[in-house]
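Asks: Before I ask anything, let me first share the structure, which is written out below as structure tokens.
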4 protein chains.
Amino acid sequence: MQRKILRTICPDAKGLIAKITNICYKHQLNIVQNNEFVDHRTGRFFMRTELEGIFNDETLLADLDGALPEGSVRELNPAGRQKIVILVTKEAHCLGDLLMKSTYGGLDVEIAGVIGNHDTLKTLVERFDIPFHLISHEGLTREEHDSQVVDLIDTIAPDYVVLAKYMRILTPDFVRHFPNRIINIHHSFLPAFIGARPYHQAYERGVKIIGATAHFVNDNLDEGPIIMQDVINVDHTYSAEDMMRAGRDVEKNVLSHGIYRVLAQRVFVYGNRTVIL
Amino acid sequence: MQRKILRTICPDAKGLIAKITNICYKHQLNIVQNNEFVDHRTGRFFMRTELEGIFNDETLLADLDGALPEGSVRELNPAGRQKIVILVTKEAHCLGDLLMKSTYGGLDVEIAGVIGNHDTLKTLVERFDIPFHLISHEGLTREEHDSQVVDLIDTIAPDYVVLAKYMRILTPDFVRHFPNRIINIHHSFLPAFIGARPYHQAYERGVKIIGATAHFVNDNLDEGPIIMQDVINVDHTYSAEDMMRAGRDVEKNVLSHGIYRVLAQRVFVYGNRTVIL
Amino acid sequence: MQRKILRTICPDAKGLIAKITNICYKHQLNIVQNNEFVDHRTGRFFMRTELEGIFNDETLLADLDGALPEGSVRELNPAGRQKIVILVTKEAHCLGDLLMKSTYGGLDVEIAGVIGNHDTLKTLVERFDIPFHLISHEGLTREEHDSQVVDLIDTIAPDYVVLAKYMRILTPDFVRHFPNRIINIHHSFLPAFIGARPYHQAYERGVKIIGATAHFVNDNLDEGPIIMQDVINVDHTYSAEDMMRAGRDVEKNVLSHGIYRVLAQRVFVYGNRTVIL
Amino acid sequence: MQRKILRTICPDAKGLIAKITNICYKHQLNIVQNNEFVDHRTGRFFMRTELEGIFNDETLLADLDGALPEGSVRELNPAGRQKIVILVTKEAHCLGDLLMKSTYGGLDVEIAGVIGNHDTLKTLVERFDIPFHLISHEGLTREEHDSQVVDLIDTIAPDYVVLAKYMRILTPDFVRHFPNRIINIHHSFLPAFIGARPYHQAYERGVKIIGATAHFVNDNLDEGPIIMQDVINVDHTYSAEDMMRAGRDVEKNVLSHGIYRVLAQRVFVYGNRTVIL
């Protein structure tokens, strides 16, 4: 008995759920959980089917391809533990939360390595017996540095790359190398306060709520598909530094919950949006 | 072209989604939206299917009955505008929100009448051109009073009865007359502060958050299936009266959002719990 | 026995609280509630003192002026019921909430009149026995229209002007006529989605949280000092219209809570920020 | 230049703020921040004054004692780093968050030791170079075990004792030994779900929101003064185990924020309530 996740995106049509679930039924697979969504504005159908049984991937996928309309995308992946690489600079809180959860429960993930452009967090990573790789950006162009980082990630071959307060802008080559596989935490409630020093921007604007956003990285800084957001209340007594301190708990929660859903294969990227089933 | 909602509860089994959606497909019905849930603890399957097309209710239900396992419950109802009766005592905020939303948008419902055991809210109701019925409890036993109220409701024949801060305990006969069709707003975050004067209880206990709960009414006071809950922060500067004032906005939001979901036929009652699809 | 609010803004200095409270003490006034805040970044001191007793305003203020540093602003106003004028266009929810609360409790305010540039909400306003004034913008320049509105407001002489989904941009003359006395509700979590159709912008961006902002109006659209903000979660199933519907409850809550604090004389405007004591 | 916190609780009277701030002024102390609250129901006055300057504690306190009414309590303590001991059983998340924050920022505290009745968390504690003490309860009566734990804590002499998911009920002697100095995290939104297995209770009741509560421990289990509470939404898809997992982030946030405020000397215990200034 295995458990796998079937994910389907295709043009909406009558009978889609019937066709897909019929095929699963014929394959003697049990549907543990099924979720679907139709975006009526664009006529797109999304379905996540959690299946249990004995799988013949090849014939299952062939049967699906025979039944689904043209332009369909479907993928079948094992449920369960996946592998991430985390990129960091100097801030510990998001990284620490991921280390804690992968070690002591809460996030079923293998942290296969942490890469820093500074060595500030080396000790923390090694406390948890995980390899830390320093790739300093000093003396390198952005392209050279990113290329070294990409090469190292490729040798580890993770499912996802997590930017846990990695304070560098990725080159387009880096981004394109891991399409929809780089997850970033931005320390504001996007699209408010795009760019640098969002807490200082928030302080200047006098907002009464601050937030954080987990999103996939695409070519436009801070504009990739949003996975999750959360906020907390602040007031006039908060300096920018107080916002920063208070915001850290939001950042780490949003990032780890976002990763949790991505790893559960619940997050579908569609244009610049996510559908979370 | 019509739109109807098919709701199914049955013992879980392989192929259920395939069977139900196949039948819909054969009937040339388009699935506008489909949601399902399996409670693996009890082996129950829940499904809400929003269908569009030309319906032959009789043969559709017969086909479903032929396919579904024993012990299944399925119902097919038109989507759209339903009818409620609201019971009130003296507090205006929940009633006012429902009057506003049914008149100016936000809740597609017909308020077919308001019954009060006091006439305090008569003017408000009549401002919105809706009939107000006073059934005073004075000089009547609880049974007599409830019986008069039930009789009046029966002549109106609403889909649901809404207790919008109706400060009387219903007799078991009243409750049994409208099974899973009476919606109450309780002014606390249940199961905290069951019973009378919850804000005073909350004040005494020194809580930092207060809330409200919309639930179906069953025989045990404040213990029916919960539909929706929400909370707000309070602090030491709040007296019980301040909590009451601040709580009113939570109460009215929770009640109207709860009703919104019930009217959309999204709320399934199962034991003492709700599944909301 | 009267109750008044003393509000002080001045450059920070040693002994300020002692000086001010000493003067109150000498005047035999009881401090019912006192709140103060020092903005250490700019060296500004803010204090709100709720006083009870028999007031000699002239000597009290003279004593304060003798004690406070140069550049101080202090005002002494009676606590209690104030007067507002509400400006609307076609949407009923914010207006309805204010009408309900001023009539049935929750907001101790006199709504002295409602002005609309359409007559859509005339009936609603008159249901609550409050005068509705139509000043159509048709055939008028923006300046002409605003000038008529300002003239009418001036005859009513309210403490504050509330824009309850008034879908017109005010002329600078209008804004300057009521400095820090115009309260607007913007249907987004500012500074995200400034300008028109924020829910459509939010939908396009694929955000997972939407919000609303109550703020004072200044010359720059949507950029005045923020009084209050709140948010709710949304997901991929929400169309822009769903966001609009769900957002209405946030808008009306934020607006009425914001007004509540302003009327309690708790909101100090300072630069483009608010201090709320 | 030193920074100290003056905390005053006394019967309310005219001129209290003037008297206290006058004395500070005469001592040439600068008030960095001042907050006060009057509980008009019980006639109690609370004030927290953050002072900067050169302190003569003895004369300052003597001056205050001369000015304050009978029945006053006042304390003057240095601001800044304090010392805690943490008690744990087997769950890592609250402990881990405190270790991260004390080491990498967010909580200015010295964790002077961790005591476990199991050794499950020994490795985690030692990863952060903090002493872990195992005091197994096996073969001991509750009194014997608690007495050993109390003795060990006394040798460390912390400012506060933190129960970070310590799954044992303290003896009355333990509690009385550290009055208002033991902080517990309860994994429910108190007073809902007092006692054991609150997530299972929450699941059974079918609630739509779960929470956590940080409170001081007194003689009645789960009934001490509440410091902080927070909640998250859940739905029918959550098993008790899912609630447990999701609840962990709320628990750790509530506990560390609660401790943050206690360490900042902002939390006043008064009867069974807290005033947080």
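Asks: Would you kindly derive the ³J(HN,Hα) couplings of the stretch D:230-237 from the backbone phi angles with the Karplus curve 6.51 cos²θ - 1.76 cosθ + 1.60 (θ = phi - 60°), listing them in order in whole Hz, with x for Gly and Pro?
Replies: Per residue, the Karplus-derived 3J(HN,Hα) values read 8, 9, 9, 7, 10, 9, 5, 7 Hz.
Asks: Starting from a label point 7 Å past Cα on the Cβ side, list the distances from residue B:196 to the same position in the other copies, nm, shortest first.
Replies: 3.5, 5.8, 6.5
Asks: Quantify, in whole percent, the carbon and sulfur part of the accessible surface of the stretch C:146-271 (1.4 Å probe; protein heavy atoms only).
Replies: Details: 2180 of 4340 Å².
Of the solvent-accessible surface of the stretch C:146-271, carbon and sulfur hold 50 percent.
Asks: Related question: Please name the residues of the stretch C:178-202 whose accessible area, counted over protein heavy atoms with a 1.4 angstrom probe, falls by no less than 50 Å² between the chain alone and the full protein assembly.
Replies: C:189, C:191
Asks: Using amide H atoms built 1.01 Å from N in the peptide plane, name the residues 5+ places from residue C:44, or on other chains, whose amide H lies under 5 Å from its own.
Replies: C:12, C:39
Asks: Need one number: buried accessible surface between chains C and A, 1.4 Å probe, both sides summed, DNA, RNA and ligands left out, in Å² to 100. Display every interim value, and only then the final one.
Replies: Working: alone 13860 and 13860 Å², together 24860 Å².
Rounded to the nearest hundred, the buried surface is 2900 Å².
Asks: Let me ask something else about it. Over the Cα atoms of the protein assembly as shown, what is the Rg over Rh ratio if Rh follows Kirkwood? Each step should come with its number before you reach the end.
Replies: Values: Rg = 30.9 Å, Rh = 32.1 Å.
With Rg and the Kirkwood Rh in hand, the quotient comes to 0.96.
Asks: Determine how large the accessible area of residue A:165 is when every protein chain is in place; take a 1.4 Å probe and give Å² rounded to the nearest 10.
Replies: Solvent-accessible area, nearest 10 Å²: 0 Å².
Asks: Give the lysines whose C-alpha is closer than 29 Å to that of residue A:83, dropping any in the same chain fewer than 8 places away, or say none.
Replies: The qualifying lysines are A:4, A:101, A:122, A:165, A:252, C:208, D:90, D:101, D:122, D:252.
Asks: Rounded to the nearest 5, what % of DSSP beta bridges with both residues in the stretch B:82-276 are antiparallel? Let's see the in-between values first.
Replies: Numbers: 15 of 32 bridges.
DSSP beta bridges in the stretch B:82-276 are roughly 45 percent antiparallel.
Asks: Rounded to the nearest 5, what % of the DSSP beta bridges within the protein assembly as shown are antiparallel ones? Don't skip to the answer; put the middle values down first.
Replies: Numbers: 160 of 228 bridges.
Bridges in the protein assembly as shown are about 70 percent antiparallel.
Asks: Summing -39500 (n - 2.57) over the DSSP H runs of n ≥ 4 in chain B and dividing by its residue number, what mean residue ellipticity at 222 nm do you reach, to the nearest 500 deg cm²/dmol? Let's see the in-between values first.
Replies: Values: 8 runs with 93 residues, N = 277.
Helix-only estimate at 222 nm: -10500 deg cm²/dmol.
Asks: Another question, then. Once the Cβ-Cβ distance between residue A:70 and residue A:173 is put in as r, and R0 is 25 Å, what FRET efficiency do you end up with, to the nearest 0.05? Walk me through the numbers on the way to the answer.
Replies: Details: r = 32 Å, r/R0 = 1.28.
It comes to 0.20.
Asks: For the stretch D:2-78, max minus min Cα coordinate along each principal axis, in Å, sorted largest first?
Replies: 37, 23, 19
Asks: Another one. Regarding chain C, what is the average projected area of its C-alpha convex hull, in nm²? Before the final figure, lay out each step's value.
Replies: Numbers: hull surface 65.8 nm².
Orientation-averaged projected area of the Cα hull: 16.5 nm².
Asks: Now for a separate question. Starting from the amide H of residue A:182, placed 1.01 Å from N in the peptide plane, find each other amide H under 5 Å away whose residue is 5 or more places distant or on another chain.
Replies: Hits under the 5 Å cutoff: A:161, A:217.
Asks: Treating only the Cβ atoms of Lys and Arg (+1) and Asp and Glu (-1) as charged, compute the dipole magnitude of chain C about its Cα centre; round to the nearest 20 debye. Spell out each step's value before the answer.
Replies: On the way: 30 positive and 36 negative charges, 147 e Å.
I would put it at about 700 debye.
Asks: Let me ask you something else. Are there any residues in the stretch B:90-121 with a reduction of at least 50 Å² in accessible surface when going from the isolated chain to the assembly of protein chains? Probe 1.4 Å, please list them by number.
Replies: B:100, B:104
Asks: Let me ask you something else. What is the antiparallel percent of DSSP beta bridges lying wholly in the stretch D:35-175, to the nearest 5? Provide the component values of the computation, followed by the final result.
Replies: Working: 5 of 19 bridges.
Around 25 percent antiparallel, to the nearest 5.
Asks: Order C:228, B:1, B:243 by their accessible area, 1.4 angstrom probe, all chains in place, largest first. Walk me through the intermediate numbers first.
Replies: On the way: C:228 30, B:1 170, B:243 5 Å².
If we order C:228, B:1, B:243 from most to least accessible, we get B:1, C:228, B:243.
Asks: If you don't mind, there's one more thing I want to ask. What does the copy distance list look like for residue C:72, label position 7 Å along Cα→Cβ, in nm and ordered from shortest?
Replies: Label point to label point, same position, other copies: 2.4, 7.8, 8.0 nm.
Asks: Let me ask something else. Solvent-accessible area per residue for chain C at a 1.4 Å probe radius, Å²? Working shown, then result.
Replies: Values: 10740 Å² over 277 residues.
That works out to 39 Å² per residue.
Asks: I need the fraction of alpha carbon pairs in the stretch A:172-271 separated by more than 23 Å, rounded to a whole percent.
Replies: Numbers: 1361 of 4950 pairs.
Everything past 23 Å amounts to 27 percent.
Asks: Same structure again: How large is ³J(HN,Hα) for each residue in the stretch A:40-57, as worked out from phi by the Karplus curve 6.51 cos²θ - 1.76 cosθ + 1.60 (θ = phi - 60°), to whole Hz, x for Gly and Pro?
Replies: 5, 5, 10, x, 10, 10, 10, 8, 10, 10, 9, 10, 9, x, 9, 9, 10, 3
Asks: Along each of the three principal axes of the Cα atoms of the stretch B:119-212, give the extent in whole Å, ordering the values from largest to smallest.
Replies: Over the stretch B:119-212, Cα extents along the principal axes are 45, 33, 30 Å.
Asks: Then there's this: What gaps in nm, shortest first, separate residue A:179 from its twins in the other copies when you place the label 7 Å past Cα toward the beta carbon?
Replies: Copy-to-copy label distances at residue A:179, shortest first: 5.5, 5.8, 6.9 nm.
Asks: If you don't mind, another one. Using a 1.4 Å probe on the protein chains only, how many percent of the accessible area of the stretch A:2-78 belongs to carbon and sulfur? All intermediate terms of the calculation are to be shown ahead of the outcome.
Replies: Details: 1580 of 3390 Å².
Its accessible area is 47 percent carbon and sulfur atoms.
Asks: To confirm my reading of the symmetry, which residue of chain C has the Cβ nearest the axis that brings C onto B, and what whole-Å distance does it have?
Replies: Result for the C and B rotation: C:127, 2.
Asks: Quick check: the angle from helix B:240-263's long axis to the longest principal axis of chain B, C-alpha only, nearest 10 degrees?
Replies: 20
Asks: Pick out which of A:35, A:180, A:117 has the largest mean-square fluctuation in a Gaussian network model of chain A, springs linking Cα atoms closer than 10 Å.
Replies: A:35
The values are calculated or read from the model by the stated rules, or taken from the named source; none is laboratory data. Quantities reported herein were computed from a predicted structural model and do not represent experimental measurements. Neighbour counts are summed over all protein chains in view; Cβ atoms, including those assigned to glycine, are modelled from backbone coordinates with ideal geometry. Accessible surface areas use protein heavy atoms only, side chains included; no ligands, DNA or RNA. Shrake-Rupley method; radii C 1.70, N 1.55, O 1.52, S 1.80 Å.
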